[in-house]
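Trainee: Let me begin by handing over the structure; questions about it come next.
The values are calculated or read from the model by the stated rules, or taken from the named source; none is laboratory data. Because the structure is a prediction, the values reported are computed rather than measured. FYI the Cβ positions are ideal-geometry reconstructions off the backbone, even for glycines, and counts take in every protein chain you see. The area values use the complete protein model at the heavy-atom level, side chains included, leaving out ligands, DNA and RNA. Shrake-Rupley method; radii C 1.70, N 1.55, O 1.52, S 1.80 Å.
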Amino acid sequence: MILHLKQVLTPAELSSIHEVLRGAEWQAGRDSAGAQAASIKNNEQLSHQSGPMIDIRQRVLAALDRHPEFFSATLPRRVFPPRVNRYGGESNFFGNHVDNAIRFAPDTGLRVRTDISCTLFLAEPSAYEGGELIFQESNTQRHVKLPAGDAIIYPGTTLHRVAPVTRGYRLACFFWVESMVRENDRRQLLFELDRSIVRLREAYGDNEHSVALTGTYHNLLRQWCDT
Ligand code: NI
């Protein structure tokens, strides 16, 4: 399931983040890439433990916490600490790859299995040319370029790339989620069920059937979740 999460960040949060980024120092993205990715990864990142990165990370994690669909769609067990990257100038693309399956959080050393990859767009699409996140599924491609503050989440198994940025700068926050539900198909079923229950309750209020369906949802969670 590839899912667009709208308005994860408010306009006020976005401008605070842009303010923080104004004084930030960038480093070559390939420094943190595996051997294969290093040859196709040409972007810049904030260092993991820099002041601006810690500040932005806190704002992003708080925003994810309150987003109604993020929890339901990812059922997070662990979130790899979000980072920020930049594409533009000479450092402007990332070729086709599948993200590493296991990441080690630099601060805690905790292993995170990357069930779900997330990109949160920080720059408005009009601020740069190119920079689409492109998903390759069998023989079709999907191009994604979202408004600032919106996010895309997709299975970690997805082959993807970032098209070259030919004008301006593409800024984004990226991170991974290890889900309590490892299988994509099960996670998608749970998400669809949860969303339908929410819409039924909005339309008709609570009744014995919505209560029963909610019970079914939780009983499925009990079967499929590892905590
Ligand atoms: Ni990637």
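Trainee: Could you provide, to the nearest whole Å², the per residue accessible area of the chain with probe 1.4 Å?
Mentor: 51
Trainee: Go through L193, L221, S210 and say which Cα lies farthest out towards the positive end of the charge dipole of region 184-224; charges sit on Cβ, +1 for Lys and Arg, -1 for Asp and Glu.
Mentor: So the residue furthest toward the plus end is L221.
Trainee: Could you tell me the center-to-center distance, by alpha carbons, between region 145-213 and region 1-77 in angstrom?
Mentor: Result: 16 Å between the Cα centres.
Trainee: On the accessible surface of region 1-120, probed at 1.4 Å, how many percent belong to carbon and sulfur atoms?
Mentor: Roughly 50 percent, rounded to a whole number.
Trainee: Could you list which residues have their amide H under 5 Å from that of L159, counting only those 5 or more apart in sequence or on another chain, with H placed in the peptide plane?
Mentor: Close amide H contacts, sequence-distant or interchain: Q136.
Trainee: Right, here's the next one. What is the Å³ per residue value for the convex hull set by the Cα atoms of region 52-123? Could the numbers behind the result be given before it?
Mentor: Values: hull volume 9.3 nm³, N = 72.
Roughly 129 Å³ of hull volume per residue.
Trainee: Using only DSSP helix segments of four residues or longer, with each worth -39500 (n - 2.57), what per-residue ellipticity at 222 nm results for the chain after dividing by its residue count and rounding to 500?
Mentor: Dividing the helical sum by the residues of the chain leaves -10500 deg cm²/dmol.
Trainee: Nothing charged except the Cβ atoms of Lys and Arg (+1) and of Asp and Glu (-1): what's the magnitude of the dipole of the chain about its Cα centre? Round to the nearest 20 debye.
Mentor: Numbers: 26 positive and 26 negative charges, 62 e Å.
Computed about the Cα centre, the dipole is about 300 debye.
Trainee: Oh, and also: Quick one, what does Rg over Rh come out to for region 3-179 if you take C-alpha atoms and the Kirkwood Rh?
Mentor: 0.92
Trainee: Would you please put 187-194, 15-22 in order of how densely packed they are, using the mean number of other Cβ atoms within 10 angstrom per residue and starting with the highest?
Mentor: So the order, starting with the most tightly packed, is 187-194, 15-22.
Trainee: Continuing with the same structure: Rg and Dmax in Å for region 184-224, alpha carbons only: what are they?
Mentor: Values for region 184-224 (Cα only, Rg and Dmax): 10.5, 31 Å.
Trainee: Within 10 Å, count the other beta carbons around each residue, average over each peptide in 132-140, 82-90, and list them highest first.
Mentor: Final packing ranking: 82-90, 132-140.
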